[in-house]
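Every read-out reported here was derived from the displayed coordinates using simple, explicitly stated rules and does not represent laboratory data. Just so it is clear, the model here is predicted, and its values are computed rather than measured. When we count neighbours, we look across all protein chains shown, and the Cβ atoms used for this are built from the backbone with ideal geometry, even at glycine.
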Amino acid sequence: MELGPHAGFIVAAYATAAIVIGALVAWVVVDYRALARALAEIEAKGMGRPGRPS
Amino acid sequence: MPIRDLANPHRFLALARALVPAFAILAALLLGLGLVLGFRSPADYQQGETVRIMYVHVPAAWIALGTWALMAASALGTLVWRHPLADVSAKAAAPIGAAFCLICLVTGALWGRPTWGAYWVWDARLTSVLVLFLLYLGVLALWRAIDDPNRAARAAAVLTLVGLVNIPIIKFSVDWWSTLHQSASVFRLGGSTIHPALLTPLLVMAFGFAALFLALYLAAMRNEILRRRVRTAHILAAARAEP
């Protein structure tokens, strides 16, 4: 579609939103995987989860 | 499920496991539909094609403001009821709110240049939103600077409640001062002044951003609960290891 003489500003605005939202999603997913791995290691070492007998 | 049950981290994690993918799928559908509607909508009679920046700029601004209000409610939970899930809520929401505020500022600058002839002007609306972004950075800095999560939560809660005064300033800045930024055109007495052909994609995108926020917020809360479990397990292990 034709976005006129200011197409660069429109594309840059959507690209900014996509990059920031993509970074947020990546942060949440990577953080979750790291935490799940850390919890699995804790369980494997027999440290147990807080509030539960190990 | 009674609302008080959500304050139980175990029940919250079970709920988040179901809701995070549901909100993520809803966000993808709504944002996809919003993009199609937005790019098929007519150009504005004055702003031309650049009005399409509105479909990301305005929802991002609403989410940035709404997130601070959510953090303020969580801050009350921290300071009044001292509930740990309130701390988790505030900490999870802050980076997401900051990111949406950044989107609002950058897309606003990119909209301002072709519309006003300037990326930035120190008018009341733009400046008060910049202050909101700096407040977000301040809250994030507090969380990082203070090791004890309870102390960090209280410090961040105080700053959040102090910063709450900025929210009505942002909302009414265009009425109280003479600003380059346009006055309210959606949430105003007498109804919206935006033509339905442009209002519909704007609202679809806004609901899409809201669903995306909820997916990210619940996922970040889940992560924070897991982080605290890891921290507690390490503290308990260190205590057991001491002679």
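About the centre of its Cα atoms, chain B shows a dipole size close to 640 debye [charges on the beta carbon of Lys, Arg (+1) and Asp, Glu (-1) only; nearest 20 debye]. Against chain A, whose longest principal axis comes from its Cα atoms, helix A:7-44 is set at around 10 degrees. For the stretch B:66-155, dividing the convex hull volume of the Cα atoms by the residue count gives 86 Å³ per residue. Applying a length cut-off of 24 Å (Cα extent along the axis) and a mean Kyte-Doolittle floor of 0.0 to the DSSP H helices of chain B leaves B:9-40, B:54-76, B:84-116, B:124-145, B:196-241.
Across all Cα atoms of the stretch B:24-87, the radius of gyration (one decimal) and Dmax (whole number) stand at 17.8, 53 Å. For the pair residue A:43 and residue B:83, a Förster radius of 22 Å applied to the C-beta separation gives a FRET efficiency near 0.25, rounded to the nearest 0.05. Looking at the protein assembly as shown, the pairs of alpha carbons with a distance over 38 Å make up 20% of the total.
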